[in-house]
Amino acid sequence: MVTAPESVELRDEPIPAAGPGDVVVRVGACGLCTMERRLFLGEKRFYPVAPGHEVAGTVVEVGAAVDGLPGSPKAGDVVTVDLLTRCGTCGPCRRGRSALCKRPQGGTLSDGTVSFGAGLSDLVVVKAAQAYVTGDAPIEHAAMGEPVACVVHSLRLGGLRAGDRVAVIGAGYMGRLHMSVARLKGAFSVGMVDVSEERLTEASTAGAGWTATPDRAAETGGKQDLVFVTAGAPGALETAISLCDDGGTVVLYGAFPKDLSVGVNPDAIHHHELSIVGVYSQEPEDWREAAGLIASGRLADDLSALVTARFALDDVGEALKLAATTPVYRVLVGGIDG
Ligand SMILES: [Zn+2]
Ligand SMILES: [Zn+2]
């Protein structure tokens, strides 16, 4: 758990037991995401807290009600785990939009400490319905299930079709995953836009059709059918709209500063049939597809290129420090000896 800015502590918890519909998963790897980085830096002050929501591991115990149920994970399966609590009963859940569930997220440890996943640990317990088998894929790839599910969700709500010209603003981890999945799903071309020349070079190596800084994007990439904004910086929406061809769609994936407002030209949106779509989180069908894509092995080279480092759980402080202070793609924790 993170107990204060730059302060991390490992605590002993009772061994979790599987309820009737649960599985217990021995954590093989847990990715460090924005929330962990912000907690460690003190940008988000909420202590103590047990974060870690990008978990994959091996099923070690199966609840009585799901044991032997066809299609449900079995002991020994490697799974990627959805740790969101989807209540199923609030308005958005009933409309099939469980990414927007109104029930407060998170749980508690045995002493009442708040957990947001608590995946930086040896074991997690989760509903079997929220554990997705990833076959023979390496554990580092399985641990990317949550971010890949977010990208599948983003492409689904954005309406990606094979043959689309795609641009991605932001060539960090989430931008690169957008590029990989869009290419796999048949995008005609995927261009990457970023302020960092280093990241553009790396995106090029990974298969970007073209790369450009934001000021050069229009002349380099031309008009696009779909523009994903994965880095919510001031100016990004305007750049995205300027890249859209008639009938195009801008997808706002990355978080923007809360108080940022920008002017858009409603008549241009009307006359050119532009769409602006917000996307957030993921839903069960996105998880199913993400686990399938990971299991297929067809993203393997791309996912391997995005593993910056892997640390033992004992070295979680070092892992958080690296993720919080250096530009990284993904830092993973767990499943190896320190
Ligand atoms: Zn995440
Ligand atoms: Zn709900």
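The values are calculated or read from the model by the stated rules, or taken from the named source; none is laboratory data. Just so it is clear, the structure is predicted and the values come from calculations on it, not from any experiment. Neighbour counts are summed over all protein chains in view; Cβ atoms, including those assigned to glycine, are modelled from backbone coordinates with ideal geometry.
Just one of the listed residues (E36, E54, E6, E43) is more than 15 Å from ligand 1 (Cβ to nearest atom) and closer than 20 Å to G254 by Cα, and it is E43.
Within segment 103-150, being touching a strand residue (DSSP E or B) at 6+ places or on another chain (Cβ under 7 Å), within 16 Å of ligand 2 (Cβ to nearest atom) and either of a type in the set (S, T, N, Q) or under 28 Å from L306 (Cα atoms) (or both) holds for G106, Q130. In the set G222, G175, G248, G209, only one residue is touching a Phe, Trp or Tyr at 6+ places or on another chain (Cβ under 8 Å), in contact (Cβ under 8 Å) with a residue 12 or more places away in the chain and not assigned by TED's automatic domain parsing to the domain that holds A99; that residue is G175. Once segment 84-98 is narrowed to residues that are buried (at least 17 other Cβ atoms within 10 Å of the Cβ) and at pLDDT below 95, the residue that is farthest from ligand 2 (Cβ to nearest atom) is L84. Within segment 20-41, does at least one residue satisfy the condition of being within 22 Å of M144 (Cβ to Cβ), part of a loop (DSSP other than H, G, I, E, B) and of a type outside the set (F, W, Y)? Yes, segment 20-41 has at least one match. For A75, indicate whether it is more than 10 Å from ligand 2 (Cβ to nearest atom), hydrophobic (A, V, I, L, M, F, W, C) and touching a residue at least 40 places away in the same chain (Cβ under 8 Å). For A75, the condition - more than 10 Å from ligand 2 (Cβ to nearest atom), hydrophobic (A, V, I, L, M, F, W, C) and touching a residue at least 40 places away in the same chain (Cβ under 8 Å) - is not met.
With buried (at least 24 other Cβ atoms within 10 Å of the Cβ), among the small types (G, A, S), modelled with pLDDT of 95 or more and within 16 Å of A290 (Cα to Cα) as the only criterion, which of A129, A149 stands out?
Numbers: A129 fails: buried (at least 24 other Cβ atoms within 10 Å of the Cβ).
Residue meeting the stated conditions: A149.
For segment 94-145, name all the residues that are out of contact with any helix residue (DSSP H, G or I) (no Cβ under 8 Å at 6 or more places or on another chain) and among the polar types (S, T, N, Q). If the condition is that a residue be out of contact with any helix residue (DSSP H, G or I) (no Cβ under 8 Å at 6 or more places or on another chain) and among the polar types (S, T, N, Q), then Q105, T108, S110, T113, S115 are the ones that fit. Entry remark, segment 78-109: residues being free of Cβ contacts under 8 Å to residues at least 60 places away in the same chain and in a strand (DSSP E or B) number 2 in total.
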